[in-house]
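To start, the structure under review is shown below, and the notes come after it.
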Amino acid sequence: MLVLTRFVARHELKPLERYLSINDVLTGARKILKGLAVETKLPRPVSGLRFFKIRLGGRQSARMIVFVLVENNKVVPLMIRLKKDKVFGTNMAMNDPALVKQVNKNLDEAMADIKAKRYQEFAL
């Protein structure tokens, strides 16, 4: 199951709708559940979550950082950026303090949306 929070839909996916669609995100989520993604370290200590990084799309290559709820395998995107993004696109590594700060912000927003039931679920 893919859980697309309102924050991520508005701030991460919508600005890239010219390059990516929800189908690209769903394809990426399926790859994660099949074990085809790179697991990355946690931006901060959080129990019950695993973080992954995966490439999305075809011509306009993008990268997505997601977390997976361990107990029920729900995939929740946190950050979606084009490869050519000047801030994070070329190096989406958790050793970049600016990236960690943004991922933590997006994680807080996503958790708030989930708690307030502001999300859509998509079957994988």
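Comparing Met92, Met64, Met111 in a Gaussian network model of the chain (Cα springs below 10 Å), the most mobile by mean-square fluctuation is Met111. In a simple Cβ point-charge model (Lys, Arg +1; Asp, Glu -1; nothing else charged), segment 2-122 has a dipole of about 260 debye relative to its Cα centre. Would you mind classifying segment 1-44 by shape? Square roots of the alpha carbon gyration tensor eigenvalues, ordered a ≥ b ≥ c; an a/c under 1.5 is rounded, otherwise it is prolate if a/b is larger than b/c and oblate if not. Oblate, because a/c is 1.5 or more while a/b does not exceed b/c.
Highest mean first, the peptides 95-105, 72-82 sorted by other C-beta atoms within 10 Å per residue fall in the order 72-82, 95-105. The residues packed around Asp113, meaning those with a beta-carbon under 15 Å from its beta-carbon, carry a net charge of +4 if Lys and Arg are +1 and Asp and Glu are -1. Taking 0.36 nm per residue of separation and subtracting the Cα-Cα distance, full extension of the segment from Asn23 to Ala112 would add 29.6 nm. When the square roots of the Cα gyration tensor eigenvalues are ordered a ≥ b ≥ c, the ratio a/c for the chain is under 1.5, which makes its shape rounded.
Under 28 Å of direct C-alpha separation, and excluding same-chain neighbours fewer than eight residues apart, Lys74 reaches these lysines: Lys14, Lys31, Lys34, Lys41, Lys53, Lys83, Lys101, Lys105, Lys115, Lys117. The Cα center of segment 109-124 and the Cα center of segment 1-79 differ in position by 13 Å. Note on His11 and Val100: their simple-model spin labels are 1.9 nm apart, each label 7 Å out from Cα toward Cβ. Highest mobility in the GNM of the chain, judged by mean-square fluctuation with C-alpha springs under 10 Å and restricted to Glu71, Glu17, Glu109, is found for Glu71.
Any read-out appearing in this document is the output of simple, stated calculations on the displayed coordinates, not a laboratory observation. Predicted model only: the values in this text are computed from it and were never measured. Neighbour counts are summed over all protein chains in view; Cβ atoms, including those assigned to glycine, are modelled from backbone coordinates with ideal geometry.
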